[in-house]
Amino acid sequence: MIVTVVCDVLGEENNGTTVATMNLVRYLKSRGDTVRILCADQSRKNDENVYTVPNIDFGILLKAFVNKVGVSLAKPDEDIVRNAIIGADIVHIMFPLQLGIVSVKIATELGIPITAGFHMQAENFTAYFKLNNVKTANKQVYRFIYEHIYKYASAIHYPTEFIKNQFEKSIKKETPGFVVSNGVNDFFKKLDIEKPDELKNKIVILTTGRYSREKSQDTLIRAIKYSKYKNKIQLILAGQGFDEFYYKILSKELPITPIFKLCSRDEILKITNYCDIYVHPAIIELEGISCLEAICCGKLTIVSNSKLSATKEFSVHDKCIFNAKSPKNLAKTIDYWIEHPKEKAECEEKYLASSEKFNQNDCMSKTRDILLNAAKTKNPNLH
């Protein structure tokens, strides 16, 4: 099977969409499929079967902002797009932006089946304009991407039931959707790793992800201030993003300065295994791979009850869920688990047992079946 994977925002593997894209690419290749990647990531320009279109030039004033939030948007070149798609058995759209829109247009012209993954909530976009609480704005985003991308897909891959329901409710239509987790690489597993000497007498709390409003790390920083154990808590915020300066100012109220660091994959694995508690405070989360990675390491994982986040579906205990954007309630939740070590250990075992359903190979196999069955509508001999 020849698959063209289209992703506007492909970059370093430090964001959910890029991780999901590259995991799928690697799996398809391992099954003997030919994979073409269509993106705007200039660092991949000389890679085999990678078709690179230019980036949008945001100009000097916006360039720093764009780099900080980790956005790299494609400026589609129709000739490059056509070369990437022609002769493919299936075109799989990973992100509903301009490159995806042009790819849908050309694939439709060529009669090539289209599938699409769902990797963006409307609120991820509207949050940058402080419109994420405006229902009309979010519905307009969903209607736009439906009309330009998902309307043409013969199958849609949703990582969670939560986002499938949210999208279909917004557009008031049923879709040809299949719910399959993006899965977690078996690299993330429970390991016996000791804390560094400088942290052995501290309670280490970890959160990972882009520093942004929708990830709500400010709620966690404020929560530490209200914790009875604030003088012993070492908070680690692994990531980067536009709100870093604001978070560092906010952190000056804490007795122990938090660690802000963009960590490598190896570092994330290490810290996740030696931390005492993992907190995922996001209020907007389509799936939350970093949260699932912590679960696969057998960590006590605390998540918010936000109506716009899927992560609450992964909780194995009601005391692992706190009221979204409530620092005091989160502090109370953290303190509870610090004070109940036996119950915490039992809960961690439950989390570890629940992680089996996120096995990446199983998830990728199901996702490949979605693509294959769509491709067979034109070429029944594929396998």
- request: Take the alpha carbon atoms of the chain, find their radius of gyration, then divide it by 2.2 N^0.38 Å using N residues; give the quotient.
  value: 1.00
- request: Determine the distance separating the Cα centre of segment 318-383 from the Cα centre of segment 138-216; give it in Å without decimals.
  value: 10
- request: Taking the Cα centre of segment 197-356 as origin, work out the dipole magnitude from +1 charges on Lys and Arg Cβ and -1 charges on Asp and Glu Cβ, in debye rounded to 20.
  value: 660
- request: Taking the Cβ of each residue in Val81, Val279, Val134 as the centre, tally the other Cβ atoms inside 10 Å and list the residues starting with the fewest.
  value: Val134, Val81, Val279
In nm, spacing of pseudo-spin labels at Asp197 and Glu147 (7 Å Cα→C-beta vector): 6.4
query: Dipole of the chain, Cα-centred, from +1 at each Lys and Arg C-beta and -1 at each Asp and Glu C-beta, to the nearest 20 debye?
result: 1020
- request: Among Ser309, Ser264, Ser251, rank each residue by its count of other Cβ atoms within 10 Å, from fewest to most, as a rough exposure measure.
  value: Ser264, Ser251, Ser309
Lys/Arg +1, Asp/Glu -1 at C-beta; segment 80-147 dipole; positive extreme among Phe129, Phe118, Ile145: Phe129
field: Degrees, to the nearest 10: 59-68 long Cα axis against longest axis of the chain
entry: 60
message: Tell me the mean residue ellipticity at 222 nm calculated for the chain from its helices only (DSSP H runs of n ≥ 4, each -39500 (n - 2.57), averaged over every residue, nearest 500).
response: -12000 deg cm²/dmol
query: Around Gly183, with a cut-off of 13 angstrom between Cβ atoms, what is the net charge of the other residues, counting Lys and Arg +1 and Asp and Glu -1?
result: -1
query: Any idea which of Ile249, Tyr336, Ile284 is furthest toward the positive side of the dipole for segment 197-356, if Lys and Arg beta-carbons carry +1 and Asp and Glu beta-carbons -1?
result: Ile249
statement: Rounded to the nearest 10 degrees, the helix 341-354 long axis (Cα) sits at an angle to the longest Cα principal axis of the chain of 10
task: Give the relative contact order (percent, whole number) for the chain; include only Cα pairs under 8 Å separated by 6+ residues.
output: 16
message: What does the charge count around Lys215 come to, taking other residues whose C-beta lies under 12 Å from its C-beta (Lys +1, Arg +1, Asp -1, Glu -1)?
response: -3
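How high is the FRET efficiency from Asp369 to Lys342, r the C-beta distance, R0 45 Å, rounded to 0.05?
Once rounded, the FRET efficiency stands at 0.60.
Take Val19, Val9, Val91 and order them by how many other Cβ atoms sit within 10 Å, fewest up front.
On the way: Val19 19, Val9 22, Val91 32.
Listed from fewest to most nearby Cβ atoms, that is Val19, Val9, Val91.
Bear in mind these aren't lab numbers, they're just calculated from the coordinates by the rules spelled out. Being a predicted model, the structure only gives us computed values, none of them experimental. For neighbour counting, all protein chains shown are included, and Cβ atoms are generated from backbone atoms with ideal geometry for every residue, glycine included.
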